[in-house]
Every structure is written in structure tokens, then in C-alpha cells.
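See structure below.
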Amino acid sequence: MSRYRKPSIEQGFGYEPGEQAPDGSWAKLNSNESPIDPSPLAIKALVDYSGQLRRYPNPLGEPLRSAVAEYHEVEPSQVVIGAGADQILGWCFRAFADPADVVLLTKPTYAYLPMLAKLASVRVVTTEMSRSGFAPPEFGTRPGRLRFIVNPGEAFPGLMLGGPWGIEDASCPARDNPPVPTWHSSARYRFQVGLGDDLIGYEKPAWSYLYEAPIYTSPDCTTDPHNHHHGLEDESVGPMASNLVAQTLTALLDQTPDPNAQVRLGRYVKADGILTDAYTTATDQGAPGHFPAGAVAIWLAAPGQTTLNAAPGHPDSGTIVALDGIRSFGGRRVDLNGHFMDFDGADQAGPDVSTRGMLVKAGGGSLTRYYVNVYPALTVTGTLGASR
């Protein structure tokens, strides 16, 4: 049968699994195996469902898909359920790359990616990582349909995609908030493969760590009043190295920056001209304007400014980008009109938990992506009127 194989699949093709314990006496942590037995609740759930194993599961992954969406406060259409990450990565090749398209990988990378590339009959261009673990600049400048950056640990979304949290919420506000790598990408399709080899553990913004002995200690960060720490921080690479991962990936992507993207300090605005509601829980109280829910516009500070003035004509009046059809907030005219966009810079029908700014389309097919950095403190003077 070998003569019928696709040219991209050579003799000996196949996935080479890592070493396994023949008697099950040890667990491979890098394969997400656990030395601890499954929860009795998980076993009970499997037993209870065993009578349905003779039937096909729901083709849309329900009710799991809706449950995941509800938990993360997104729409079910934004959730993809697959048989592990391998299947979802395979879908990425099938959906976004045609045969002979260039796909960019690093070396080392997740071992399954080269095999998926051969199955998809794409052309792989591999860039070898330096001895210090960094990708050279040419990885960011070479053209390609897909570009896979395999993270050497588990990066939290807040580190790679940005989030709604502000310095008011930081467990350690003296620590910098790192740049958001995804906002600096110029690729049409952007995928971050976490846990490539799980070499350096958990990564999240440095300000969110609980500085607690004996793991991390800092004289100016000894409490976590807003509960941003993670229970497995003792398995992490630490606050400074976490920021370094984001900074290095951003520098790599800035080799070919998105010419249409601007990252600006700003806040989200509701139809009544007031900043969006601040979240409030029993242990947490944030600042207004951080969350996109209910927003119809974004209010961006001028470059270098840390203040927003509701009156027009001042150096700190900023830029207001509103949904189509909105021309002003009270007596303050809107500067631009556009649509909300997600962390990848893709158009959205409306704001949700994945919103990170607004997309403005102009004549001739030109566009500008305005990413809203809500983390720094902003002083707002005056109030905007209702939209009209």
C-alpha cells in the first residue's frame, strides 16, 4: 500500500511516543499523567454514564460545551470541544492551511506538530531556538500561513492575551505588567501552544503572585487582598521569569509588527457616557471602565498621557472610538467609529469577555486596531454625556 501514500508521508512516518513504564509503576508528569488515583466523583460519573457508551456522543459536545461557556462567561459558539489538544491542532491545519502553504515551527517544538504538518501536506519551515531558549529574529520575519510558538510552560491567558484587571487589583503593584504578546502579532491566524514540554512551569503576570515564604518573598508584597494568586505557584517559573517570557515573545513578534495596531491606555464607556461598571465581590473591588460588558465605545488616552479629560480640545482629551451610529457623547463628538474586536484583533458582533479593543475600518480597505490597556491607573476629569 505504500505506493498509494501521499508524497508528504514518507516511509517510517508516524508518531514516536515517549518511554512508558511497562508495569505502570511510575507516572510521566510531562504527559499530564498523575500518580494520584482519579477522584471518586469522576469514577462515579463514568459509571453512571456507562450505559450510554454504546451510543454516539452529542456531535456539538453538549452539554459540556455550554457548561464551559457558562463558567467562562462566553457564548457556546466560542468554545471548541476536542479529543485532546492534538485533535484541535489538527483542525487548525485543516481550517487555515492549504496544501503547499508554509507553516512555521521552532525547534524544539511539540513533537506532534511536524506529523500534523505532513498529514496536511504543508511545507514546514523550521527555525532552531538558541541555546538560551530564544527564537532568532528570522522566525518573526519569515512569511507563513501559520506560525506556532510553543510555550515552554503553562501560560495563563492574562499573560498572553491580556485581561481586564488593573493596577488597583494587583497583589504586588510595584511589579510591572508585561506587554501582551498576542497584541503585537501581525499574523492573520494566531495560535499559542502551551505546555510544549512544560519545562518552566506556570507563567502569569508578575503582579499577580502571592509573595509568600518560602516560595517567593518580597518586602513590599506580602498580602493578596484581591485573590489573584494560583494554588500551584510553587510549581511556577516565578514572577520575574514569567514577565520575561511575555517580554521576549513580544520582542520576537515586533520583528514584523502589525502596522495597523495601536496599544493605548484607555477605558470602556457605556451608552450613558459613564465608564463601564467596576466589578465588586466580597473580597474585591475594581475601578470602573476596565470591563467591556455593556460598552458602546472606548476612550483612549493620548500617547504619553495618564489622564482623560471629558472636555474636548485639551492635550489629554484623548480619542473616543464608538460603535457605528453614535456621533457624540453629550457635547463631545466621537472621533472614530468601528466595531469591537477580540484579543486576536478579529471583528466581533458585540463586546464580551474576550474583547480587547475596537477595530476601525476606513475607505480602501484600510483598518486600525486599537487595543485597550486598562492596567495602568488613569485619572478621569469630568464626565461624558449620553450617547446620541
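Worth pointing out:
- Listed here are the helices (runs of 4 or more DSSP H) enclosed by segment 64-182 that have at least 1 residues being aliphatic (A, V, I, L, M) and not assigned by TED's automatic domain parsing to the domain that holds E203: 64-72.
- Subset of segment 71-86 (residues that are among the polar types (S, T, N, Q) and exposed (fewer than 12 other Cβ atoms within 10 Å of the Cβ)): S77
- Among (1) buried (at least 19 other Cβ atoms within 10 Å of the Cβ); (2) touching a Ser or Thr at 6+ places or on another chain (Cβ under 6 Å); (3) not small (G, A, S), the one test that I326 misses: (1)
- Residues of segment 251-270 that are modelled with pLDDT under 90 and surrounded by 15 or more Cβ atoms within 10 Å (Cβ to Cβ): A251, L252, L253, D254, Q255, T256, D258.
- Looking only at residues of segment 358-385 that are without any contact (Cβ under 8 Å) to a residue 60 or more places away in the chain and part of a strand (DSSP E or B), we find that the one that is nearest to S185 (Cα to Cα) is L359.
- Restricting segment 335-350 to residues that are in a loop (DSSP other than H, G, I, E, B) and at pLDDT below 95, the residue that is surrounded by the most Cβ atoms within 10 Å (Cβ to Cβ): G345
- Some residue of segment 262-277 being within 30 Å of A311 (Cβ to Cβ), within 19 Å of the chain's Cα centre (by Cα) and of a type in the set (K, R): yes
- Criterion (among the β-branched types (V, I, T), on the phi < 0 side of the Ramachandran plot, modelled with pLDDT under 95 and not assigned by TED's automatic domain parsing to the domain that holds P157) met by exactly one of T307, T280, T319: T280
- Filtered residues of segment 219-234 (kept if surrounded by 14 or more Cβ atoms within 10 Å (Cβ to Cβ) and either outside the structural domain of I167 (by TED's automatic domain parsing) or farther than 17 Å from P157 by Cα (or both)): C221, D224, H226
The values are calculated or read from the model by the stated rules, or taken from the named source; none is laboratory data. These numbers come from a predicted model, not from an experiment. Counting neighbours? That spans all protein chains shown, and the Cβs are built from the backbone with ideal geometry, glycine included.
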